[in-house]
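Before any comments, here is the structure.
The values are calculated or read from the model by the stated rules, or taken from the named source; none is laboratory data. These numbers come from a predicted model, not from an experiment. Glycine also receives a Cβ, built like all others from the backbone with ideal geometry; neighbour counts cover every protein chain displayed. Surface areas here come from the heavy atoms of the whole protein model, side chains and all, with no ligands, DNA or RNA. Shrake-Rupley method; radii C 1.70, N 1.55, O 1.52, S 1.80 Å.
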Amino acid sequence: MKLLEVQGKEIFKEYGINIPKQFSLNQVDQDVVVKAQVLTGGRGKAGGIKLANVHNVKEVAQQILGMQIKGEEVKQILIEERLNIEEEHYLSVTIDRNSKDYICVASAKGGVNIEDVPKEDIVKGKFEDIKDQICIGKQNLFKKMLQIAKEKDAILVEINPLILSNHKLYAADSKVIIDDNALFRQSFEGEKEGGNYVELDGDVGIIGNGAGLVMGTLDTLDYYGGKPANFLDVGGGSSTEVVENAIDRVLENKNVKKLLVNIFAGISRCEEVAQAIVNKQIEVPMVVRMVGTNQEEGRKILLDNGIKAFDSMEDCVKEIVKNE
Ligand code: GDP
Ligand code: MN
């Protein structure tokens, strides 16, 4: 399974690999790059990567969303700080089928497909064998990439370009492929299907995006005396369809007597989430906490349909507990 750039970068972050700062649409306060989140490469050439600034970022985001790139519709974007590119390098870790060992590939001529880089500009081999030919910064990156490959069952971990900007190295793009045979023991933030679903024995159904957010919601509910019936983490980049499925899954549990939806939208867009909630014609008492990308549009959709949206998770939890 191939991961989206944004999912790969989430893993990079977890392992301490430096990535460019990310923004949600209405947080942008500097020059940025807007990047289509699709699984095909060559997005730059296809118009899926555009520079933007504070003034035109929404317009640019709109242009990219809905675009088709090699037959794949763009449903997600990633907004990042615009780096001042001094050099573009290449790093990857793959598995060698014959020796069943990890192979590191490095080049100072990155930013293009590695197949197009002349052989003499490429360093390739086992980490121990090549480490003396690369700088300390790249050695450290390889150690982290090798750790990712092992722990996440990745058959490819690629950074291209690895950008040198103001004396620092940034993983400006990510390409991570997980071994399909290992998917049973891995799950990824932003995964399209499923999400993490857990059943408990209270009466409040909980839907949130992001494991941390869901855990925080459970703690807050507990603090105010509520009891969760189940919870579902829908991950990042939740479309209308993903949220609709999440609602179905949570409401399937007959113990659910009320519903709490907690969305902190970054890549996800509030209006898409709101549309899903409205489409589902939910019968049980429900509260929604909704902040982030397009929150005004999202809340308007909810309000027009008589559904209360809150700024703070606390207020949301207090309200759902009050209905006891
Ligand atoms: P790909 O074409 O799908 O592989 O997408 P990449 O993420 O590799 O980006 C393609 C190209 O976009 C890079 O090689 C850069 O030239 C350009 N790019 C990406 N991020 C930045 C940035 O922060 N600043 C600038 N100026 N260009 C960027
Ligand atoms: Mn790339």
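Give me the net charge of T220's neighbourhood, meaning all other residues with Cβ under 11 Å from the Cβ of T220; Lys, Arg count +1, Asp, Glu -1.
Within the 11 Å Cβ shell, the charges total -2.
What does the charge count near C316 come to, summing +1 for each Lys or Arg and -1 for each Asp or Glu among other residues with Cβ under 13 Å from its Cβ?
Value of the local net charge: +2.
Please report, to two decimal places, log10 I(q)/I(0) for the stretch 211-324 at q = 0.14, 0.24 Å⁻¹ as given by the Debye formula with identical point scatterers on the Cα atoms and no solvent.
For the stretch 211-324 at q = 0.14, 0.24 Å⁻¹, log10 I(q)/I(0) is -0.49, -1.67.
Nothing charged except the Cβ atoms of Lys and Arg (+1) and of Asp and Glu (-1): what's the magnitude of the dipole of the stretch 45-186 about its Cα centre? Round to the nearest 20 debye.
It works out to roughly 260 debye.
Between G16, G66, G208, which gets the highest mean-square fluctuation from a Gaussian network model of the chain, Cα cutoff 10 Å?
Sorting by GNM fluctuation, first place goes to G16.
Measure up K21/K126; K144/K168; K75/K175 against 25 Å on the Cα-Cα distance and list the ones that go over.
K21/K126
Set the Förster distance to 51 Å, then compute FRET efficiency between S99 and S312 from the Cβ-Cβ distance, nearest 0.05.
For R0 = 51 Å, the calculated efficiency reads 0.40.
Determine, for the stretch 186-324, the count of lysine pairs separated by eight or more sequence positions (or lying on different chains) whose alpha-carbon distance falls under 21 Å.
Lysine pairs meeting the criterion: 22.
Per the Kirkwood treatment, what hydrodynamic radius in Å, one decimal, follows for the chain from the mean inverse distance over all distinct Cα pairs?
Answer for the chain: a Kirkwood hydrodynamic radius of 21.2 Å.
May I ask you to derive the relative contact order of the chain, considering only C-alpha pairs under 8 Å and at least 6 residues apart, and to give it as an integer percent? Present the calculation step by step, with values, prior to reporting the outcome.
On the way: 683 pairs, mean separation 46.8, N = 324.
The value is 14 percent.
Write out the trypsin sites (Lys or Arg not before Pro) in the stretch 16-101 meeting two conditions: DSSP loop, and at most 13 other Cβ atoms within 10 Å of their Cβ. Mind dumping the intermediate values first?
On the way: sites: K21, K35, R43, K45, K50, K58, K70, K75, R82, R97, K100; in loops: K21, R43, K45, K70, K75, R82, R97, K100.
Of the trypsin sites (Lys or Arg not before Pro), the ones in loops of the stretch 16-101 whose Cβ has at most 13 other Cβ atoms within 10 Å are K21, K45, K70, R97, K100.
Out of the GluC sites (Glu not before Pro) in the stretch 27-132, which ones are loop residues according to DSSP with at most 16 other C-beta atoms within 10 Å?
E86
Cα extents of the stretch 1-85 along the three principal axes, largest first, in whole Å?
Result, largest extent first: 35, 32, 23 Å.
Per residue of the chain, what 222 nm ellipticity follows from adding -39500 (n - 2.57) for every DSSP H run with n ≥ 4, rounded to the nearest 500?
The helix contribution divided over the chain gives -8500 deg cm²/dmol.
How long are the three semi-axes of the equivalent ellipsoid of the stretch 72-171, in whole Å, if each is the root of 5 times an eigenvalue of the C-alpha gyration tensor, listed from largest down?
Three semi-axes, in Å: 23, 18, 14.
Can you list the lysines whose alpha carbon is less than 21 Å from that of K119, not counting same-chain residues fewer than 8 positions off?
Candidates past the 8-residue exclusion: K109, K131, K138.
Leaving out same-chain residues fewer than 8 places away, which aspartates and glutamates sit with a Cα under 17 Å from that of K70?
K70 reaches E5.
Of all accessible surface on the chain at a 1.4 Å probe, what whole percent is carbon and sulfur? Display every interim value, and only then the final one.
Details: 7570 of 16040 Å².
Using a 1.4 Å probe with all protein chains present, the chain comes out at 47 percent carbon and sulfur.
If you keep only loop residues by DSSP, which GluC sites (Glu not before Pro) in the stretch 200-283 have at most 12 other Cβ atoms within 10 Å of their Cβ?
Working: sites: E241, E244, E252, E271, E272, E283; in loops: E252, E283.
Of the GluC sites (Glu not before Pro), the ones in loops of the stretch 200-283 whose Cβ has at most 12 other Cβ atoms within 10 Å are E252, E283.
Going by alpha carbons, how many degrees (0 to 90, nearest 10) lie between the helix axis of 313-322 and the longest principal axis of the chain?
30
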